[in-house]
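To start, the structure itself, in C-alpha cells.
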Ligand SMILES: [Mn+2]
C-alpha cells in the first residue's frame, strides 16, 4: 500500500491520468491525498471532481480556495471570474451529489507525523488549536446555515488573528489562513496579495512556513496553493503546487519513502499568470 500526496489539480485531468500511470496507481490498494483546488482554470474540472469523488475513502481531500469558490458560485454568491472553468460542473446532472460531497471535505487533515492543508497555518497556533479552528469552519460548512458562510467568506479582513474574533470575521480569517495565505507581514498579519517567487517577496514579508513555530518539530505539513514557489521542501514543509495549469507539472509525493514523482503538464495552459 502506498500513499501519494498530489498537488493542485485545477481541472488538469489529462495530466492526472498520466501521473497515475507513471506511479502505477493501484486503485484497490493505494491511497491518494489531494492538497485542494481540484477544480477551476483547467478544462477537466468536472472529470477531476468525479474521479476524486469516485475514489471514496481511498481519497483524502482538503478544500482549496477554488473549491470554496465553486461552492459559492453554485449558490450565486460569487460573480464568475473571467478565467473560471466551472460551467460544466454547475450544469452537470450529478452536480448536487458532487457539490454536497465537496462541502463535506475538511480544511485540515492530520495523520500521525503528517498533516495536509491547502495554503497554511498560523505560526502561533498549536496543533490542537489548528485542528479546533478547522473543525469550526467545517462544522459551519456542513450545517444547514452553510450559505451564510459562503456569502460572507470573501474579503481580506481581518488581517490579524485574535482568539476573540467572532462570527463571519472569524470564519473569514480562518478560511483565508487555511486556503489563501502565502506570506505574513512583519507583525504576523495576513498579506494575501503577493503570489510570486520567493526571490521576489517584499523584504517586510516572510513565507508563513519560514516563521518560527513551536509546531514545527512535530509534524510535516503538505500544502499547495503557491505555484510560483514550485516544489519546495524544508524539514517541516512540503509545497506541492507545481503549476500544472500554468504549464508546469503535476507532483505526487509518496509518503512511505519520501519519493517525488512529477509529470509535465499535458493541458492547454490557462491564460494568465501563475497564481
Ligand atoms: Mn489555491
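The values are calculated or read from the model by the stated rules, or taken from the named source; none is laboratory data. Note that the structure is predicted; figures quoted are calculated from it, not measured. FYI the Cβ positions are ideal-geometry reconstructions off the backbone, even for glycines, and counts take in every protein chain you see.
Among the residues of the range 124-148, which ones are in a loop (DSSP other than H, G, I, E, B) and either farther than 15 Å from residue 176 by Cβ or free of Cβ contacts under 8 Å to residues at least 60 places away in the same chain (or both)? Working first, answer last.
Of all residues in the range 124-148, those in a loop (DSSP other than H, G, I, E, B) come to 124-126, 143-145.
Those that are in a loop (DSSP other than H, G, I, E, B) and either farther than 15 Å from residue 176 by Cβ or free of Cβ contacts under 8 Å to residues at least 60 places away in the same chain (or both): 124, 126, 143, 144, 145.
Evaluated against (1) more than 16 Å from the ligand (Cβ to nearest atom); (2) surrounded by 19 or more Cβ atoms within 10 Å (Cβ to Cβ); (3) over 22 Å from residue 71 (Cα atoms), residue 133 falls short on exactly one condition, (3).
For the range 239-251, a tally of residues being buried (at least 23 other Cβ atoms within 10 Å of the Cβ) and either in contact with a strand residue (DSSP E or B) (Cβ under 7 Å, 6 or more places away or on another chain) or in a strand (DSSP E or B) (or both) returns 6. Of the numbered criteria (1) more than 18 Å from the chain's Cα centre (by Cα); (2) at positive phi, the one residue 204 fails is (2). Among the residues that make up the range 62-75, is at least one of them within 17 Å of the chain's Cα centre (by Cα), within 14 Å of the ligand (Cβ to nearest atom), surrounded by 22 or more Cβ atoms within 10 Å (Cβ to Cβ) and farther than 19 Å from residue 150 by Cβ? Looking through the range 62-75, none of the residues is within 17 Å of the chain's Cα centre (by Cα), within 14 Å of the ligand (Cβ to nearest atom), surrounded by 22 or more Cβ atoms within 10 Å (Cβ to Cβ) and farther than 19 Å from residue 150 by Cβ. Of the residues screened, residue 177 is one that is within 30 Å of residue 113 (Cβ to Cβ), within 16 Å of the ligand (Cβ to nearest atom) and not in a loop (DSSP other than H, G, I, E, B). Can you find a residue that is within 16 Å of the ligand (Cβ to nearest atom) and in contact (Cβ under 8 Å) with a residue 24 or more places away in the chain anywhere in the range 15-34? Checked the range 15-34: at least one residue is within 16 Å of the ligand (Cβ to nearest atom) and in contact (Cβ under 8 Å) with a residue 24 or more places away in the chain. Of the helices (runs of 4 or more DSSP H) entirely within the range 1-104, none holds at least 3 residues that are at pLDDT below 95. Out of the residues in the range 180-190 meeting the condition of being more than 16 Å from the ligand (Cβ to nearest atom) and at negative phi, tell me which one is surrounded by the fewest Cβ atoms within 10 Å (Cβ to Cβ). My answer is 187. Number of residues in the range 211-230 that are surrounded by fewer than 23 Cβ atoms within 10 Å (Cβ to Cβ), in a loop (DSSP other than H, G, I, E, B) and within 16 Å of the ligand (Cβ to nearest atom): the value is 1. Applying the condition of being in contact (Cβ under 8 Å) with a residue 12 or more places away in the chain and out of contact with any helix residue (DSSP H, G or I) (no Cβ under 6 Å at 6 or more places or on another chain) to the range 46-60 and asking which residue is nearest to the ligand (Cβ to nearest atom) yields 52. Of all residues in the range 201-210, those satisfying the criterion of being more than 16 Å from the ligand (Cβ to nearest atom) and either in contact with a helix residue (DSSP H, G or I) (Cβ under 8 Å, 6 or more places away or on another chain) or in a strand (DSSP E or B) (or both) are 205, 206. Scanning the range 111-130 for residues that are surrounded by fewer than 18 Cβ atoms within 10 Å (Cβ to Cβ) and within 19 Å of residue 33 (Cα to Cα) yields 111, 112, 113, 114.
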